[in-house]
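Each remark here refers to the structure printed beneath this line.
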Amino acid sequence: MTEPLLLARGLSKSFPGVKALANVTFDVAPGEIHALMGENGAGKSTLIKLLTGVYQPDSGEVTLAGRAIAPKNPRDAESFGLSTVYQEINLIPHLSIGENIMLGRQPTRFGLIDYKALNLRAKAVLARLDLHHLNVTDSVGSLPAAVQQMVQIARALVVDAKVLILDEPTSSLDEGEVQRLFKVLKRLRSEGLGIVFVTHFLDQVYEVSDRITVLRNGELVGCYTAEELPRLRLIEAMLGRSVTASGRENGGAATESSQVNDQPSVLSAQALHRPGVVGPISFELRRGDVLGLAGLLGSGRSETARMLFGADPAETGTIYVDQVRVNIRAPKDAIRAGLAFSAEERKLEGIIPNLSIRENIILALQASKSSVRLIPRAEQLRLADHYIKALKVKTPSAETPIRLLSGGNQQKVLLGRWLAMQPKVLILDEPTRGIDIGAKAEIEKLIAELSKQGVATVLISSELEEITRNCNRVLVMRDRKQVTELDGAWLEPSDVMKVIAGQETHPSAHPPAAAAHSEEANRA
Amino acid sequence: MLESMNKALASNANPVGIGILVATCLGAFYLHKKKHRELWPLLGLLGLLLFNFFFSNNFLAVEVRDGAFYGTPLNILNQGSEVMLLAIGMTMVIAVKGIDLSVGSVMALSGAVCVMAMKDGSSFFVAALIGLVIATIVGFVNGALVSGLNVQPIVATLITMVAIRGVAQLVTGSNPVAHNDAAFEFIGNGHFLGLPFSIVLVGLVFTVAALLARKTPLGLFMESIGDNERASRLAGVPNRSIKFWLYGFSGFCAGVAGLIAASYITTADPDRVGRMRELDAIFATVIGGTALTGGRFNLAGTLLGAVLIQTLSITMYNQNVPSDIEPMPKAIVILLVCLLLSPESRKQVLQLLRTDQWFPRKVTG
């Protein structure tokens, strides 16, 4: 192998309470496209921010072309030849393409900006990217997202970049635009640039990458050449689970699935579709079902939940609750129909920070009951106390503002908010993210208990074990579409993983009898 | 100087004046013990009263004439009633992260409509009703702009503020229009149970607002919208319709204030009525402890804030501060109360007051 262009050795970084990156080594050779992969929280962005000087590493060192560098900020990193293009477009819309490219390094003449030189240099960089047709004096705001992305890359190249870091550059591009971007990347590769490519899209990784580095939980899993790492192994590496492993350790609600199947249908979603976002999605929930939505990040799991609940309503498709068609245009329609939804972003969409635990618990119930008659104070207190006890919320009192609680306790209060409504269907988007093990176990136990009482649950989780442990059925999603539905009674995380990876496997893990049974029940 | 102080003292040191001071002190003490946030505007008010006790003639004197109370304290209440009404509506709107800049113009419009309707031969009650309905409709227009079309509240109500002032001018033909009608005059000048009738109206509106806020789920919904709009939508709170109704309510409050203002001078003055009053209402809300960022709100504090602002205006009038520069000292007092409201700045002020930092002790040894 050639001498690495960029070499990061033993990088570690801790934030209060978390080890974000532990002893990670990473290198980029000249003339290579190196993909950086990992699930959310794997440490990809921390690694990039350490390389570009947004954060300073606790330990470890970075060398660029054999010279040790310690960038203090992104600008400093650029001066060493390390340029980054971020996911969000970071351009100034009303300035021209040329001005945006040269921003902060405008050539000057007699202390004034030399527009002639500026535009010439901008043109030269655009030519390198095959963008001869762009007029550098046009303003950036009117350009399509893909072209803006290219302008960002041009901006990164103008500093004589040796290494170019692209953080999810394709997330807002369509297929043709992605191809154009890849052509440019390949051309830059042939010029000897080292390119770091962060993405969640598996296909794209294999299309352009020479090597793949996988991170998980802040640690390096490994660095592989693209040929030696089949898709399935890549997903294994990302999720930290061996596909060949067998034998389930846990039985949860999942084991009882076969009894659930003859229960009446509580919710039926048919061809729910929000064009450009997710769908079409169809599935059926019976009393006591725990349906898992599995898939990689960006596969459309949360979008499905939000569509079902009317947070971002479906444009086409129908929803039946208890066999009655319901029209869900907004969350309050869903709530009226007996649905409850605990959103992924607890702080942004869950808690009402300055209100008390009591108020947070009764909010949805009050909203669903009446806008005129207040739930009597005594009843409010009883409900709050009941859920504080039942869910083991640690708090000095029911009148404590919820923002003062820990993440796990906030999550429990939010569950209490929905349980107080006695929903028929509970949709939980990442209910255990960022909370401690104890609270996690309690929430899983609660899901099992609710299932016994007949509540149907839709569970979204990035942890496959959590899905297979708790769900009796799993809906697998890929690229914002429904791929297939698996019967979870005998499901292994590895089965789900294979489907996620796009290997159409079949149910060697399913005992034929159980599979047949569920087929029958579904047809019935 | 000393002589005028003696004169002021002599006029204020009567049972009523001392009673007001003692009651304010007791109130402050009670609020301090209960750790209520209303303490800070009340302390501001106490400071103003004390100042006037020593420096303003007849500031705390009340006399009984024809079975009604008269005197500066009652003037404060009577003239303050407009700001109090505006501030009640304003507080409700600010609680849901909004703001209503149009209230001053709406005041002018409701008064103008009422007077012109009477000129056209309507009885006062019908005319007042028309004025109030129109004011409320303007409020609903604000509400529709904000909650239906997602226009930023400050922009939406700035537009209506300008537009409605124009409509008021149009209605009256750009000139003040005077009208004599006994019932009309009573609103701003009459007495009920010995109290100015305007303050009775404030009491009614305040009671309605407070009951809505504390005895129905509205208060909970308002605070949850103001605190986290997205979360409250996902919890099923009807964010949009609540905002819509609250802007309507603010328009209604401004309408009542407009009737009082017109009645006070028995004239519809489309140009001067309500000018800059929206700012007084916002000040009263903020001084009363409701944050402009929305969420927790405090109607009683708002009322106290409005009294404080009106006391301040009358104090300056009594001290012969020219009305042109009146806003300046007013701004300073408001700034002081706002600083008092924030625990951080209170701490910083206390730090400044610590004498040891000014006179550092010598290090011995």
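Residue count for the range A:403-439, restricted to those that are in contact with a strand residue (DSSP E or B) (Cβ under 7 Å, 6 or more places away or on another chain) and either at pLDDT 90 or above or surrounded by fewer than 22 Cβ atoms within 10 Å (Cβ to Cβ) (or both): 11. Of all positions in the range A:275-293, at least one carries a residue that is free of Cβ contacts under 8 Å to residues at least 12 places away in the same chain and away from chain B (no Cβ under 14 Å). For the range A:335-364, a residue qualifies if it is within 9 Å of chain B (Cβ to nearest Cβ), closer than 20 Å to B:Pro217 by Cα, part of a helix (DSSP H, G or I) and hydrophobic (A, V, I, L, M, F, W, C), and the qualifying residues are A:Ile335, A:Ile362, A:Leu363, A:Ala364.
Here A:Lys72 meets each of (1) loosely packed, with under 14 Cβ neighbours inside 10 Å; (2) in a strand (DSSP E or B) with one exception, condition (2). Against the criterion of being over 23 Å from the mean Cα position of the chain (by Cα) and not β-branched (Val, Ile, Thr), B:Ala23 does not qualify. Identify, from the list B:Val307, B:Val337, the residue that is surrounded by 14 or more Cβ atoms within 10 Å (Cβ to Cβ), modelled with pLDDT of 85 or more, more than 14 Å from every other protein chain (Cβ to nearest Cβ) and within 21 Å of B:Leu86 (Cα to Cα). Being surrounded by 14 or more Cβ atoms within 10 Å (Cβ to Cβ), modelled with pLDDT of 85 or more, more than 14 Å from every other protein chain (Cβ to nearest Cβ) and within 21 Å of B:Leu86 (Cα to Cα) holds for just one of B:Val307, B:Val337, which is B:Val307.
Filtering the range A:440-466 to residues that are in contact with a Pro (Cβ under 7 Å, 6 or more places away or on another chain) and modelled with pLDDT of 90 or more leaves only A:Val455. For the range A:312-334, filtered to residues that are surrounded by fewer than 22 Cβ atoms within 10 Å (Cβ to Cβ) and assigned to a loop (DSSP other than H, G, I, E, B), the residue that is nearest to the other protein chains (Cβ to nearest Cβ) is A:Ala330. Within the range A:407-466, the set of residues being assigned to a helix (DSSP H, G or I), in contact (Cβ under 8 Å) with a residue 40 or more places away in the chain and of a type in the set (S, T, N, Q) comprises A:Gln410, A:Gln411, A:Ser451.
Checking each residue in the range B:224-233 for being facing another protein chain (nearest Cβ under 7 Å) and either surrounded by 24 or more Cβ atoms within 10 Å (Cβ to Cβ) or farther than 18 Å from A:Ile328 by Cα (or both) picks out B:Ser224, B:Asp227, B:Asn228, B:Ala231, B:Ser232. May I ask you to list the residues in the range B:1-32 that are part of a loop (DSSP other than H, G, I, E, B) and either at pLDDT 80 or above or surrounded by 12 or more Cβ atoms within 10 Å (Cβ to Cβ) (or both)? Answer for the range B:1-32, where residues must be part of a loop (DSSP other than H, G, I, E, B) and either at pLDDT 80 or above or surrounded by 12 or more Cβ atoms within 10 Å (Cβ to Cβ) (or both): B:Ala13, B:Asn14. In the range B:202-218, the residue that is farthest from the other protein chains (Cβ to nearest Cβ) out of those that are closer than 19 Å to B:Leu303 by Cα and in contact (Cβ under 8 Å) with a residue 24 or more places away in the chain is B:Val202.
The values are calculated or read from the model by the stated rules, or taken from the named source; none is laboratory data. Owing to the predicted nature of the structure, the values given are computational and were not obtained by experimental measurement. Here Cβ is always computed from backbone atoms with ideal geometry, including for glycine, and neighbour counts include all displayed protein chains.
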